[in-house]
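Visitor: Pasting a structure below so you can have a look.
The values are calculated or read from the model by the stated rules, or taken from the named source; none is laboratory data. These numbers were taken from a predicted model, which means no experiment stands behind them. Glycine also receives a Cβ, built like all others from the backbone with ideal geometry; neighbour counts cover every protein chain displayed. SASA here: full protein model, heavy atoms, side chains in, ligands and nucleic acids out. Shrake-Rupley method; radii C 1.70, N 1.55, O 1.52, S 1.80 Å.
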Amino acid sequence: MTTPGFRPTHVVPQNGMPAWEAPDPARPTVPLDALLPVQLVERRGDWGHVLCANGWSAWVDGRHLVAVPQDPPLADGSLTRTADPRPLLTRAERTLARYRAAVEELAAGGLEGEAFRVRTRGLRLGVVVDGESMWLYDAEEGRWAYTDGTRLSTYVTDDGPRAAAADPGHAPTQVVTPDGT
């Protein structure tokens, strides 16, 4: 049974995700099912407090939640640009070119296996393109970033969830829907 006024803001990743009773790794609870729609109601550091359609709630690593696309901008509205994806694309191209050059030299007999391993050590690259959507691994920042071509935002980082500051000096951020529910 769906809670009245429930409007998902995110879904659980396709492999499901662990959940906790509180933003504390020592208090695990039942994991959330894959692709479960949830509503993010509060953030504390990397922790996210989610509400499920049936009224059940839990704390999760909020960085792994997949955002539900928002309505497209109005015809008279302009897209807000944030971080430019081009510098990260340039770094990805350079990393791929360095790897390809090492592969070419290995294939031509100019490198032995150990020299190839030394030359490619530390190279890290990840790129997923799906139409206008792209996920890029940023090895310098240790994060996956998402871009739709106009703006770049962090999707998930290599770090585990961090606790919120003891007292941020204000109430925790609350996520609310446009209709106030």
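Visitor: Report, by residue number, each residue of segment 1-41 that is among the aliphatic types (A, V, I, L, M), in a strand (DSSP E or B) and open to solvent by less than 90 Å² (accessible area, probe 1.4 Å).
Guide: Answer for segment 1-41, where residues must be among the aliphatic types (A, V, I, L, M), in a strand (DSSP E or B) and open to solvent by less than 90 Å² (accessible area, probe 1.4 Å): 11, 17, 19, 32, 38, 40, 41.
Visitor: Next up: Here are 132, 141: which of them is open to solvent by 80 Å² or more (accessible area, probe 1.4 Å), within 21 Å of residue 62 (Cα to Cα) and at pLDDT 80 or above?
Guide: 141 is the lone residue from the list that is open to solvent by 80 Å² or more (accessible area, probe 1.4 Å), within 21 Å of residue 62 (Cα to Cα) and at pLDDT 80 or above.
Visitor: Another question about this same structure. (1) part of a loop (DSSP other than H, G, I, E, B); (2) at pLDDT 75 or above; (3) closer than 30 Å to residue 26 by Cβ: which one isn't true of residue 123, the others all being true?
Guide: It fails just one condition, (3).
Visitor: A further question follows. Those residues that are touching a residue at least 60 places away in the same chain (Cβ under 8 Å) and among the hydrophobic types (A, V, I, L, M, F, W, C), I need them from segment 12-50; list them, please.
Guide: Passing the criteria: 40, 41, 47.
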